[in-house]
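Take a look at the structure below.
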Amino acid sequence: MTTPPNLLHVRLRNSRLTGPLLDTPEAVVGWFGAVQAQDYHAARWGIGQRVRKLGDGDAQEAYAQGRILRTHILRPTWHFVLPEDIRWMLALTAPRVRAAMAYQDRLQELDARVYRKSNAAIARALADGEHLTRDELAQALNRAGIVASGTRLAHLVIRAELDGLIVSGQPRGKQHTYAHLEQRVPAAKARTRDEALAELARRYFTSHGPAETRDFAWWSGLTSADARAGIELAKAALRRQMVDGKTYWLGLSKTTPALRAPKIHLLPNYDEYLVAFQDHALFLDPAVRPRARKLYDLVSRHVITRNGMLIGGWRPVRSGRRVELELETLTPLTRREADLLDAEAERYRRFLGVELAAGSRR
């Protein structure tokens, strides 16, 4: 039987925060299946935590070259995904995302007719391999007689993503662009719906487990019935564990050594280690619970973890080639833990390729 602290140690290893690291940004994205990435800068550090000798420039290059893509694909938010996975994953999850957006669609007076017209206008604008910014897409939509600004523009663009029309393009300076998916992404083998359900379940529980069925449903945006079906279809690649009377699923690997020394991590907001679960109670260190804010507020911040549990938050403040880290811990650290926190700050500095300001503090 796995106790809750050990459960987090297994999650740390399966999330690739401890144990063997991976070789490339695309290996990390493929391991998880999809990596939440609405904060583009922070999500790159989430990848960097899990890759040998990765700098921020390497992560940006993988994105610019289309080796990893950024789009709306699970819940109605940004995710990184691999080119070979985007089509089957969209086919599986996009209907649920569209349904989740239906109420706001009605408020914005968006219906099937408008979306057909907007998709056609976007397709024309991106013909011949064009990569356009969101503002440029808005101009194309306005020329087609479609009001495109604010929330309405966001919905028009997201719908084009969900319909498999557009995907992230080559950045233009600091601006993101969109490209025609069929021109940007090589053809890949299609999957049946059952194959897609099984593959998504296998990747989720292998990279995030031990996790419950409800966690998979939350992360994927699928119905509870589909989540259960995915587990059943992937059962040969999964194993079950009982923890405090609850059923958890994870991959077949059983090699998770106990933590022999403290582990401190500076995790970005919405990191897959934290955000991919419906219940975050296990992540909160009992020592900080009385001083902690709401769990959602903690998970949505950059966080400091000790042995997989949240013990504080952090914030980078950049100035040119220097960065200052504002660190807040809600429980005392041992000298060893303080040294490990300093080492994590130095690791983040190396990832960015900047100087760590002398004022960085706890």
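The values are calculated or read from the model by the stated rules, or taken from the named source; none is laboratory data. Note that the structure is predicted; figures quoted are calculated from it, not measured. Cβ sites come from the backbone with ideal geometry, for glycine too, and all protein chains shown count toward neighbours. For accessibility, only protein heavy atoms count, side chains too; no ligands or nucleic acids. Shrake-Rupley method; radii C 1.70, N 1.55, O 1.52, S 1.80 Å.
Observations on the model:
- Output for the range 4-21, where each listed residue is over 14 Å from residue 251 (Cα atoms), open to solvent by 30 Å² or more (accessible area, probe 1.4 Å) and either of a type in the set (A, V, I, L, M, F, W, C) or within 15 Å of the chain's Cα centre (by Cα) (or both): 21
- Identity of the residue in the range 210-230, within 13 Å of residue 279 (Cα to Cα) and part of a loop (DSSP other than H, G, I, E, B), that ends up most open to solvent (accessible area, probe 1.4 Å): 212
- Selection over the range 25-42 of residues that are in a loop (DSSP other than H, G, I, E, B) and closer than 22 Å to residue 253 by Cα gives a count of 2.
- Residues satisfying the criterion are absent from the range 22-41 (criterion: modelled with pLDDT under 95, surrounded by 16 or more Cβ atoms within 10 Å (Cβ to Cβ) and among the hydrophobic types (A, V, I, L, M, F, W, C)).
- Between 21, 8, the distinction of being more than 17 Å from residue 303 (Cα to Cα) and hydrophobic (A, V, I, L, M, F, W, C) belongs to 21 only.
- The residue pairs whose first member lies in the range 242-265 and is closer than 22 Å to residue 232 by Cβ and modelled with pLDDT of 95 or more, whose second member is small (Gly, Ala, Ser) and assigned to a strand (DSSP E or B), and whose beta carbons are closer than 7 Å, counting only pairs six or more residues apart or on different chains, are 248/211; 249/211.
- Scan of the range 145-171 for residues that are open to solvent by 60 Å² or more (accessible area, probe 1.4 Å) and under 21 Å from the mean Cα position of the chain (by Cα), ordered by number: 163, 170
- Scanning the range 126-143 for residues that are open to solvent by 20 Å² or more (accessible area, probe 1.4 Å) and either among the charged types (D, E, K, R) or assigned to a helix (DSSP H, G or I) (or both) turns up 127, 128, 129, 130, 134, 135, 136, 139, 142, 143.
- Any hit, the range 56-78, residues being in contact (Cβ under 8 Å) with a residue 60 or more places away in the chain, among the acidic types (Asp, Glu) and open to solvent by less than 20 Å² (accessible area, probe 1.4 Å): yes
- Selection within the range 119-144 - in contact (Cβ under 8 Å) with a residue 24 or more places away in the chain and more than 28 Å from the chain's Cα centre (by Cα): 120, 121, 127, 144
- Here residue 174 meets the list (1) within 22 Å of the chain's Cα centre (by Cα); (2) modelled with pLDDT of 95 or more; (3) open to solvent by 30 Å² or more (accessible area, probe 1.4 Å) almost entirely, failing just condition (2).
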